[in-house]
1. Scan segment 137-195 for residues that are among the hydrophobic types (A, V, I, L, M, F, W, C), under 19 Å from residue 44 (Cα atoms) and free of Cβ contacts under 8 Å to residues at least 12 places away in the same chain and jot them down.
2. Would you tally the residues in segment 145-190 being at pLDDT below 95 and not charged (D, E, K, R)?
3. Which one of these does residue 51 not meet: (1) assigned to a helix (DSSP H, G or I); (2) buried (at least 16 other Cβ atoms within 10 Å of the Cβ)?
4. For the structure I just gave you, tell me whether residue 181 is more than 13 Å from the ligand (Cβ to nearest atom), within 15 Å of the chain's Cα centre (by Cα) and closer than 21 Å to residue 72 by Cβ.
5. Looking at segment 130-171 only, could you name the residues that are more than 15 Å from residue 190 (Cα to Cα) and within 9 Å of the ligand (Cβ to nearest atom)?
6. Filter segment 101-129 for residues that are near the ligand (Cβ under 6 Å from one of its atoms) and not in a strand (DSSP E or B); which is surrounded by the most Cβ atoms within 10 Å (Cβ to Cβ)?
7. Inside segment 38-52, can you point out the residues that are within 12 Å of the ligand (Cβ to nearest atom) and within 25 Å of residue 178 (Cβ to Cβ)?
Amino acid sequence: MSPDELRPAYPIRTERLLLRPLTAADAEALLAYRSRPDVCRYVPFQPMTPEVIADRLATHWATTALTDEGQSLTLGIELGGTGRLIGDVILFWHSRQHRGGEIGYVLNPEFAGEGYATEAALAMLRLGFGGLRLHRIIGRIDERNEPSARVLRRLGMRQEARLVRNELFKGEWSTEVDFAMLADEFFFRYPDSTRSA
Ligand SMILES: CC(C)(COP(=O)(O)OP(=O)(O)OC[C@H]1O[C@@H](n2cnc3c(N)ncnc32)[C@H](O)[C@@H]1OP(=O)(O)O)[C@@H](O)C(=O)NCCC(=O)NCCS
């Protein structure tokens, strides 16, 4: 396999979770949290309907590998031993030349406060830095999204920028805070990670 593409073997196992592609059988579990206005407040999509979820499952979320820049890989977060889908994570591949990517995550609030989003996001950093050999991965949030900022800080990502009232987001100006991590920083912080997985 070329290091310029990512074809993970599923499921990806972490201490407490399984990460795997979403399927049509996940529609109800996705709707349970992605339809909620509180969950969607600081993410770039509106509360989702069953139709929108069905469309995403058939298109963007059907991706299981990253083969070129401009693509993104969304994986479901399943709580180990339960079969329950509790959220989803995404890895964007922004640039082949600059080896840049981005992570994002959404969790069902019923499962918040246990470190699951952090654990799943760390697995995506491993895929990005280890599997895809990215040089730099960012996380971008609305400044008011403090739980999300804590996830990124807990992962060891550095705050690099604060873009004041940068985007007109859902009818109001959003101040964007940008976090980043370089491959060297990642492998220093997580020495058990390898550059191939
Ligand atoms: C952002 C979001 C995923 C954060 O959820 P979360 O539950 O706070 O994050 P985690 O699952 O990593 O849990 C971390 C919390 O669990 C606690 N925790 C408990 N056990 C833990 C463990 N074993 N390991 C790590 N943290 C643990 C942590 O202390 C932390 O609490 P704190 O933030 O109050 O200090 C969630 O708020 C969400 O889905 N929001 C809506 C979507 C969204 O905004 N996504 C981000 C877009 S940029």
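1. Residues satisfying the conditions are 164, 168, 173.
2. Number of matching residues: 3.
3. (2)
4. yes
5. Listed by number, the residues that qualify are 139, 140, 141, 142, 145, 146, 147, 148, 149, 150, 151.
6. Here is the first cut: in segment 101-129, the residues near the ligand (Cβ under 6 Å from one of its atoms) are 104-107, 112-118.
Remaining after also requiring not in a strand (DSSP E or B): 112-118.
Details: 112: 14, 113: 9, 114: 12, 115: 13, 116: 20, 117: 24, 118: 17.
The extreme case among them is 117.
7. Listed by number, the residues that qualify are 38, 39, 40, 41, 42, 43, 44, 45.
The values are calculated or read from the model by the stated rules, or taken from the named source; none is laboratory data. Small disclaimer: the values here were computed from a predicted structure and weren't measured. Here Cβ is always computed from backbone atoms with ideal geometry, including for glycine, and neighbour counts include all displayed protein chains.
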